[in-house]
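The values are calculated or read from the model by the stated rules, or taken from the named source; none is laboratory data. Bear in mind the structure is a predicted one, so any value in this text is a computation, not a measurement. Methodologically, a virtual Cβ is constructed for each residue, glycine included, from the backbone with ideal geometry; neighbour enumeration extends over all protein chains shown. Just so you know, the surface numbers come from the protein's heavy atoms only, side chains and all, with ligands and any DNA or RNA stripped out. Shrake-Rupley method; radii C 1.70, N 1.55, O 1.52, S 1.80 Å.
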Amino acid sequence: KPGTKLCTPCYNKNRLDVAAATGTTCVKCGTDTTFVQWYSCKDKPGTKMCKSCYNKNQLDVAAAAGTTCVKCGTDTTSRQWFNCKDKPGTKMCKSCYNKNQLDV
C-alpha cells in the first residue's frame, strides 16, 4: 500500500516473490529460489545469480586475483574475504576475521 513501510524480512521476501513471479532463474545453476536476494551476473549482462553461486563466484574471482589472508597467509576461505582495517588494502579470511572480531 502506498505510504506504508515494510520490515527488512518482509521487504526481502517481497523482492523474492516478485522475482519468482517474473520467472527469475540463476544463470549458473538454474535454480529459481535463493536466499535474501538475486545478484546481477557481470559475465552475462541482464542475467541473475542466486546467493550461493554469487558467493562461489566471488571466491573464484579472489582466487584468480591471487588473494591471500594478511593474517595467516591462506589463499582459501569458507565464504568471503574481509577488508583488514589494521592494514588498509589487504584482506582477511573468514576464520581470521572471526578471531579479530573476538579480540576487539
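List of remarks:
- Failed item in (1) open to solvent by less than 60 Å² (accessible area, probe 1.4 Å); (2) modelled with pLDDT under 80, with Cys26 passing the rest: (2)
- Qualifying residue in region 88-104 (condition: among the β-branched types (Val, Ile, Thr) and loosely packed, with under 12 Cβ neighbours inside 10 Å): yes
- Odd one out for Thr74, checked against (1) under 16 Å from the mean Cα position of the chain (by Cα); (2) of a type in the set (Ser, Thr, Tyr); (3) in a loop (DSSP other than H, G, I, E, B): (1)
- Within region 1-23, considering residues that are outside any helix (DSSP H, G or I) and hydrophobic (A, V, I, L, M, F, W, C), the one surrounded by the fewest Cβ atoms within 10 Å (Cβ to Cβ): Cys7
- Among the residues making up region 35-71, a single one is assigned to a loop (DSSP other than H, G, I, E, B), open to solvent by 80 Å² or more (accessible area, probe 1.4 Å) and closer than 24 Å to Lys99 by Cα: Lys71.
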